[in-house]
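Accompanying notes for the structure given below.
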Amino acid sequence: MSTTPRPRLDAPVDPFRLNPADYGEPVGLDDLIASGPVVLVLVEGGRADDPRVAMLRELGEQIASSPARLVLVSPGDSELCRTLSVVRTAEWMTDPKGDASRALGTLSDRRMRKALRRDGLFVVDQDRVLRFAFRVQEKDQWIPASFVWSRLSRLGSAAPPPPPAEHTADPVAPGEAELDMLVREVGRRMGLSSNELTQLATASRFRDLGMSVVPDEIITKIDPLSDEEWAIVREHPQRSAEMLGTSPLFDNVRAIVQGSHEHVDGSGYPNGLRGDEIPLGSRILLAAEAYLAMVFGRRYHDRERPLNPIAELEKGVGTRYDAGVVETLAAAVEHLDLRPDARAA
């Protein structure tokens, strides 16, 4: 299963109107974005037990604390939309004439042909500019809500406030904004070009796409995972790379994503690469994510949280982590003031 994410798509959006599912007065684009960015989710059909429901419910919980709006848009009736609107996760509107679908299909000042329009998710800011979008390549596939929230939070002055504490980090992931800053700073200090830094930052955002197809019962399991369950989890870097599509423009991003869980001694996954076989971007991403997980991640209780995360990384030099990366990361952490004591302050 794959999607074609579009990490940056700055294009003007033509005006359009939607019909509320409760048959109220039609709503225009200006009304939708009056108080902040709007996340528009185009849904074709959709059952009440659609696998997209969980992601959209999570996204709705995060957006509820911000000025942004989450609006589900369907051509007509949709069990998925009805399910989420009844519990007030999102607003539900219909687009029977396809006006919104055509307007949101704008790519580089060209419109996609009608036959190419698919389900998708779009973020439109208060200047009527489409800042982030992706179209689904295969039925029912969506990227994680945490990624959508991260992109929504980067819309400049129109950005919503940070999400509540319970949404700032999942059990293993650091804050997305901090990760972006840290990998860029480490990469810059290690001599990556501007283009390579962009590729690294893009990879950091898409690194866990493949987790969206890992069953919830595995992700939320409290007890130790079985060998079979671990095997499924260890497939996610490969799945994440595949979900980035086949465009040559993403070749280096795919390589970084696929190698983001490889260890320098060959003990990582999915391919057991070692040393310089692992892309530098992957080695940077592994160390940066591990550091921020120790600082931000909820899986570390106060009594267990390492007092010196850099020292913890240094213990893994030569096995998990690249020595040069850890050394550079330590300097980057000081420069960006991402030390644990700074976080506590």
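Throughout, read-outs are computed from the coordinates displayed, never taken from laboratory work. Computed from a predicted model, the values in this text were never measured in an experiment. Counting neighbours? That spans all protein chains shown, and the Cβs are built from the backbone with ideal geometry, glycine included.
Work out how much length R102 to V317 would gain on full extension: take 0.36 nm times their residue separation and subtract the Cα-Cα distance, in nm to one decimal. Before the final figure, lay out the partial values.
Details: separation 215, 0.36 × 215 = 77.40 nm, distance 5.20 nm.
Here the segment from R102 to V317 would lengthen by 72.2 nm.
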Original post:
Using modelled backbone amide H atoms (1.01 Å from N, in-plane), which distant-in-sequence or interchain residues come within less than 5 Å of W92's amide H?
Top reply: A21, L72
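Give me V317, V124 sorted ascending by neighbouring Cβ count inside 10 Å, so fewest comes first.
Working: V317 16, V124 24.
Least crowded to most crowded, the residues run V317, V124.
Please go through the stretch 43-86 and write out the trypsin sites (Lys or Arg not before Pro) that DSSP classes as loop and that have at most 14 other C-beta atoms within 10 Å. Walk me through the intermediate numbers first.
Working: sites: R47, R52, R57, R69, R82; in loops: R47.
Passing both the DSSP loop test and the Cβ count: R47.
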**OP:** Could you run the Karplus curve 6.51 cos²θ - 1.76 cosθ + 1.60 with θ = phi - 60° over the stretch 28-33 and give me ³J(HN,Hα) per residue in whole Hz, x for Gly and Pro?
**Re:** x, 4, 4, 5, 5, 9
**OP:** For the stretch 171-344, restrict the atom set to alpha-carbon positions and state the Rg and Dmax in Å.
**Re:** 15.6, 47
